[in-house]
Amino acid sequence: MLNLKVLSLRDAVLQFLQSHPGQEFKSRELADGLKLAFPVRFAEKDPAQIAAEIGAGGPQWLVKYPSLHRSEEAPRRYWWSSEASSIELADPIPVPPVVEAPAQSEHALYPLLATFLISRHRKIFPKRIDEKKSSNTQGKEGNKWLHPDMVGLEELASGWSYEMKTLSAKSGAPQAKLWSFEVKVDVPRGKVREYYFQAVSNSSWANYGYLVAVNIKDDAMTELRLLNELHGIGVIRLNPDNPADDSAIEIPARERLEVDWGTCNRIATENKDFLRFIQLTAHFYDTKATSPKEWDIPLDIAAQV
């Protein structure tokens, strides 16, 4: 009998698709199907995280398994077309029908954003900032629009030796850039300014500040481009089916050359997650190294960092 607890995500996806030959699934639909088909294996996994890991691992699986297919256009769809299965199943596994995935939540987007940040295109170590962990010493509404949803440390000399990093630091070369993100599911035209200025308020302290969303209307994007010219906050449009897609940066943020450490101190005084981010940043400058386990990186992605 197959031990589902040690079943890899790749093999689970292949088995699921082989049980539905020729049927196409978006990565989120696959994630929902896997949780139903393999409840023990994926009991503690959020569907959004599973979808993100499918998007990250898919390109490698396509090379190894010619019968596995993925659409070129977004949202990506996966299907199995060969009659011959490349995985021998000792016991057939009944797979329930996949139902339409529910609307995404902001919380479900955090692992997708983390995958985007730590992908091969860049080396930005992400940290989730939970405003519920704040002390709220400023009273009701005193911390409104203070906390970003996620922050990141970009290691500029990734792959360099310790000696080279030390020399560049002594020469005055920057060692890292700090990023900050405000996350929304949708950005409708009527909410553009509210959401954008929330990002201005809680992310302008960083070298790069971004408003992040999955769904952005065309007329909203026009307004966001105008606001970017004035305030410099960029826009990232996440692709749930391929969160590592480098083209997700729709509007590049304008770089702030110096971090606003006064604002950082204000947030760190209120919030334990942000204080931890500052501690990890200080540790990086002391040691010239980062440890993936200290950051909020999806497990399957962390093994590749």
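Just so you know, all these numbers are worked out from the coordinates, no wet-lab data involved. The model shown is predicted, which means the values in this text are computed figures rather than measured ones. Because the Cβ atoms are built from the backbone with ideal geometry, glycine has one as well, and the counts that use them run over all protein chains shown.
Out of the DSSP beta bridges found with both residues in the chain, what percent are antiparallel (nearest 5)?
65 percent
Less than 10 Å Cβ to Cβ from residue 114, Lys/Arg counted +1 and Asp/Glu -1: what total charge do the surrounding residues give?
Computed value for this residue: +1.
Under 18 Å Cα-Cα from residue 123, which aspartates and glutamates qualify once same-chain neighbours fewer than 8 residues away are excluded?
Counting by Cα, and skipping residues close in sequence, residue 123 has these aspartates and glutamates nearby: 53, 154, 155, 245, 246, 255, 294, 296, 300.
With springs only between Cα atoms under 10 Å, which of 162, 285, 208 fluctuates most in a Gaussian network model of the chain?
For the chain, modelled as a Gaussian network with Cα springs under 10 Å, the answer is 162.
Calculate one ³J(HN,Hα) per residue across region 26-37 by plugging θ = phi - 60° into the Karplus curve 6.51 cos²θ - 1.76 cosθ + 1.60, and present them in order as whole Hz with x for glycine and proline.
After applying 6.51 cos²θ - 1.76 cosθ + 1.60, I find 6, 4, 5, 5, 4, 4, 5, x, 5, 5, 6, 6 Hz.
Antiparallel versus total DSSP beta bridges in region 144-215: what percent is that, nearest 5? Please list the in-between numbers first.
Values: 6 of 12 bridges.
Percentage antiparallel, nearest 5: 50.
Taking the chain as a Gaussian network, where each spring joins two C-alpha atoms under 10 Å apart, which residue of 138, 49, 198 fluctuates the most?
Maximum fluctuation in the GNM of the chain, among the listed residues, is at 138.
Taking only Cα atoms, what is the 0 to 90° angle, nearest 10, from helix 192-203's long axis to the longest principal axis of the chain?
70 degrees
Can you list residues whose amide H is under 5 Å from residue 175's amide H, if they're 5+ apart or on another chain and H is modeled 1.01 Å from N?
Here nothing satisfies the definition.
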